[in-house]
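K.L.:
I'd like to ask some things about the structure below.
The values are calculated or read from the model by the stated rules, or taken from the named source; none is laboratory data. What you see is a predicted model; the values in this text were computed from it and never measured. Cβ sites come from the backbone with ideal geometry, for glycine too, and all protein chains shown count toward neighbours.
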């Protein structure tokens, strides 16, 4: 008796692993925020990027393993899109709620570090204040857009190595 199995779609593979990656991103954010580290820069960010790449790889592997064993470049990028979208929205939404309603200290630490860097570069107080004002206004917009942009760049590159094209038919 044959089992009727629905093949995995690029959306379902990307969303499933994007959700997992988003939850890991939230955990890393909370660890850094609670321990007083800057959650928007530093070693935990690089660890988070490495973990995201690993989960994207697993999403693409899952697609191939639960499908016909093949994945085109376009399918791999599609998985990357859904993965990045879900992971970004989930993680940044929780970050926003945390620093807006629970504890604003992580954002203040970020702003202080940015001001210190600008002072070290010899920027005037006026320039620093203007930069921080614009950063406060646009931070979350650029966080979402930047995360999606870099997530897609990573997906485009990773898929070069993980794609497995259908063999060409021989006549």
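K.L.:
Which number in (1) at pLDDT 95 or above; (2) in contact with a strand residue (DSSP E or B) (Cβ under 9 Å, 6 or more places away or on another chain); (3) more than 12 Å from residue 14 (Cβ to Cβ) marks the one condition that residue 159 misses?
P.N.:
All conditions pass for residue 159, except number (3).
K.L.:
If you don't mind, there's one more thing I want to ask. Being surrounded by 12 or more Cβ atoms within 10 Å (Cβ to Cβ) and without any contact (Cβ under 8 Å) to a residue 12 or more places away in the chain is true for just one of 153, 89. Which residue is that?
P.N.:
Working: 89 fails: without any contact (Cβ under 8 Å) to a residue 12 or more places away in the chain.
After ruling out the rest, the residue left standing is 153.
K.L.:
Sticking with this structure for a sec: For the subset of the stretch 52-80 comprising residues that are free of Cβ contacts under 8 Å to residues at least 40 places away in the same chain and within 20 Å of residue 91 (Cα to Cα), which member is surrounded by the most Cβ atoms within 10 Å (Cβ to Cβ)? Give the derivation first.
P.N.:
Kept after step one, since they are free of Cβ contacts under 8 Å to residues at least 40 places away in the same chain, are these residues of the stretch 52-80: 54-55, 65, 74.
This time we only want the ones that are within 20 Å of residue 91 (Cα to Cα), so: 54-55.
Details: 54: 13, 55: 21.
Result: 55.
K.L.:
Just checking, how many residues over the stretch 20-34 are under 26 Å from residue 65 (Cβ atoms) and either at pLDDT below 95 or crowded, with 16+ Cβ neighbours inside 10 Å (or both)?
P.N.:
Adding up the residues that qualify gives 5.
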